[in-house]
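The values are calculated or read from the model by the stated rules, or taken from the named source; none is laboratory data. All of these numbers come straight from a predicted model, not from anything done at the bench. Cβ: placed from backbone, ideal geometry, glycine included. Neighbour counts: every protein chain shown.
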2 protein chains.
Amino acid sequence: MKNIYVIGVGLIGGSLAKDIKEKNPDSVIYGIGRNQSTLDEALALKIIDKKATLEDVVNADLVIVAIPVDATVKLLPTILDKISDDALVVDAGSTKADICKVVENHPKRRNFLAMHPIAGTEYSGPSAALSGLFIGKTNIICEVEKTTFKLQEKALDLFKSIGMRIRYMNPEAHDKHIAYVSHLSHISSFMLGKTVIEKERNERDIFDMAGSGFASTVRLAKSSPEMWTPIFRQNKDNVIETLEEYINNLTHFKELMTNNDYDAIFNEMKNTNHIKDILKGIS
Amino acid sequence: MKNIYVIGVGLIGGSLAKDIKEKNPDSVIYGIGRNQSTLDEALALKIIDKKATLEDVVNADLVIVAIPVDATVKLLPTILDKISDDALVVDAGSTKADICKVVENHPKRRNFLAMHPIAGTEYSGPSAALSGLFIGKTNIICEVEKTTFKLQEKALDLFKSIGMRIRYMNPEAHDKHIAYVSHLSHISSFMLGKTVIEKERNERDIFDMAGSGFASTVRLAKSSPEMWTPIFRQNKDNVIETLEEYINNLTHFKELMTNNDYDAIFNEMKNTNHIKDILKGIS
């Protein structure tokens with residue numbers, strides 16, 4: 001795969017570009033994006049070799065779509081329209097159902113592979129791109145059977161070469177589960193940040209008291225609203241369900257406190273402690 | 001300060017013992033605790049030099065009380081009863097109002113300094129003790145004026161020698177603010193862990209999808225229920241207030257989603273993004 005076009009040269013697109021270039025020094029990485037300044041930044045950081053436009057994907061062996069999920073839904077059919085018969089298109093979105101749906105009847109559906117690499121940080125843009133980001137990270141592939149076998153093989157070789165662990169899942173299961181282990185965490189973090197900032201307006205000193213525990217729980221509140229608003233919109237029903245369960249659990253905890261039922265509060269925490277074992281290996 | 005007695009040789013007591021011993025090689029660190037096995041572990045880890053009992057604090061130059069806050073409230077008057085006139089007693093509890101209250105009329109009140117070092121990890125016990133844990137960390141001191149000047153001076157020299165930044169606050173303000181930047185984070189994390197674990201009962205694969213963002217937001221759910229139940233009990237009113245505000249913010253977010261008001265959701269996140277600047281320097 002010589003000619004690689006990355007649409008969206010931010011955290012995920014940029015990190016993929018870096019690792020792929022390192023493993024395939026002969027490839028040429030082209031960057032495509034709405035903002036010339038972002039592309040210039042990616043060029044300066046040597047994340048991409050050249051700037052390109054959407055028309056150029058006709059020359060692509062591989063197109064990586066790493067833009068907000070609403071933009072992916074809009075753009076993906078057009079990209080498939082433009083590519084050659086042998087090209088592979090992958091996306092990296094945090095939702096999978098709407099993205100798979102929009103191309104389900106596209107004549108080039110078999111050139112597309114839907115994926116979600118579970119990797120990233122709370123930062124965004126080309127400067128957030130990291131070498132080796134995907135080593136040991138899970139990449140969830142949806143509807144693998146809908147991609148032509150030859151392109152599946154190429155894609156998997158590439159993913160394994162940059163260290164990814166592969167898991168297969170259908171788009172609906174992906175969106176349901178990811179709401180729990182990713183989307184809900186972002187909301188809990190944003191609302192925790194909001195609750196404390198609201199307080200802080202009158203109490204500037206409060207953050208002097210914040211330690212690493214607070215920093216850890218609000219880390220995701222630094223995430224990009226441009227990226228996350230469309231994720232919540234596309235995964236609305238699942239996210240609302242997780243949010244309701246979370247609010248119910250918090251309300252129950254509050255009631256236990258109101259009723260001075262500290263034995264029950266102890267047990268709530270004790271029963272959740274085994275998250276330790278579950279999280280082993282995730283850092 | 002030669003004879004130093006540490007009551008509770010866990011994460012905080014053990015870390016203080018390590019740093020103090022390093023800065024004062026001539027001191028002798030005595031460990032006191034309910035469980036002989038914990039003391040033996042601390043001895044094996046060279047966190048303490050010798051085991052001791054509560055009766056021995058009569059020989060102390062310094063007593064560090066680093067046990068759950070309910071135990072501190074029970075034990076602190078007895079400790080003050082037993083010490084010599086020149087000894088300093090400090091506690092390290094996450095709540096300050098009840099602890100200050102229980103000794104306010106004690107004849108040896110001036111031998112006590114109430115503090116809360118904002119440092120720690122989600123782990124507990126002697127094996128969780130870390131050298132250098134307090135470097136650059138805030139240590140909040142309450143009611144400093146109630147401690148005799150000579151002992152204040154000794155304490156501050158010691159705290160500064162192990163790298164702490166000192167802040168002064170009254171116990172009520174401490175308990176109110178710490179509810180926001182620490183206690184609420186723990187509840188948000190525990191309930192997030194609970195919400196996901198409840199789901200996981202039927203869906204073992206879900207944690208294969210968890211990334212570093214989830215790990216970060218549930219990190220505090222590994223914390224010790226023995227330590228945290230009494231903290232929530234002592235800071236009940238403040239914690240319930242923060243919890244109500246947090247639940248209201250989450251409920252509002254859910255309503256915005258239900259109403260498809262994604263512009264407002266974008267703004268909720270954008271307005272909270274400046275937590276980036278607030279958290280600079282906290283890791």
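A compact table of results
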item: Selection status of A:GLU153, under 16 Å from A:GLY120 (Cα atoms) and more than 7 Å from chain B (Cβ to nearest Cβ); result: no
item: Of the criteria (1) in a helix (DSSP H, G or I); (2) among the hydrophobic types (A, V, I, L, M, F, W, C); (3) under 23 Å from B:ASP98 (Cα atoms); (4) in the same structural domain as B:GLY10 (by TED's automatic domain parsing), which one B:ILE140 fails; result: (1)
item: Among (1) in a loop (DSSP other than H, G, I, E, B); (2) more than 30 Å from B:HIS274 (Cα to Cα); (3) not hydrophobic (A, V, I, L, M, F, W, C) - the single one A:GLY120 does not satisfy; result: (2)
item: Checklist (1) crowded, with 18+ Cβ neighbours inside 10 Å; (2) in a helix (DSSP H, G or I); (3) at pLDDT below 95 applied to B:ILE231, failing item; result: (3)
item: Residue satisfying condition, being closer than 26 Å to B:LYS108 by Cβ and either modelled with pLDDT of 95 or more or among the aliphatic types (A, V, I, L, M) (or both), within set B:THR147, B:THR242; result: B:THR147
item: Where a residue in segment A:50-68 is under 12 Å from A:ILE79 (Cβ atoms) and its partner, wherever it lies, is polar (S, T, N, Q), with Cβ under 7 Å and at least six apart; result: A:VAL58/A:SER84; A:ALA60/A:ASN3; A:VAL65/A:THR72
item: Residue list for segment A:224-243, filter: without any contact (Cβ under 8 Å) to a residue 24 or more places away in the chain and either small (Gly, Ala, Ser) or more than 7 Å from chain B (Cβ to nearest Cβ) (or both); result: A:ASP237
item: Tally of residues being surrounded by 13 or more Cβ atoms within 10 Å (Cβ to Cβ) and under 20 Å from B:ALA210 (Cα atoms) across segment A:248-281; result: 8
item: Number of the exception - B:ASP98 against (1) within 24 Å of A:ALA210 (Cα to Cα); (2) in a loop (DSSP other than H, G, I, E, B); (3) of a type in the set (D, E, K, R); result: (2)
item: Qualifying residue in segment B:150-161 (condition: under 17 Å from the mean Cα position of the chain (by Cα) and surrounded by fewer than 19 Cβ atoms within 10 Å (Cβ to Cβ)); result: no
item: The one condition in (1) within 12 Å of another protein chain (Cβ to nearest Cβ); (2) among the aromatic types (Phe, Trp, Tyr); (3) crowded, with 21+ Cβ neighbours inside 10 Å that B:TYR123 fails to fulfil; result: (3)
item: Number of the condition not met by A:LEU192 [criteria: (1) more than 9 Å from chain B (Cβ to nearest Cβ); (2) over 15 Å from B:GLY211 (Cα atoms); (3) at pLDDT 95 or above]; result: (1)
item: Qualifying residue in segment B:203-217 (condition: within 19 Å of the chain's Cα centre (by Cα), more than 7 Å from chain A (Cβ to nearest Cβ) and surrounded by 15 or more Cβ atoms within 10 Å (Cβ to Cβ)); result: no
item: Condition check for A:ARG219: of a type outside the set (A, V, I, L, M, F, W, C) and modelled with pLDDT under 95; result: yes
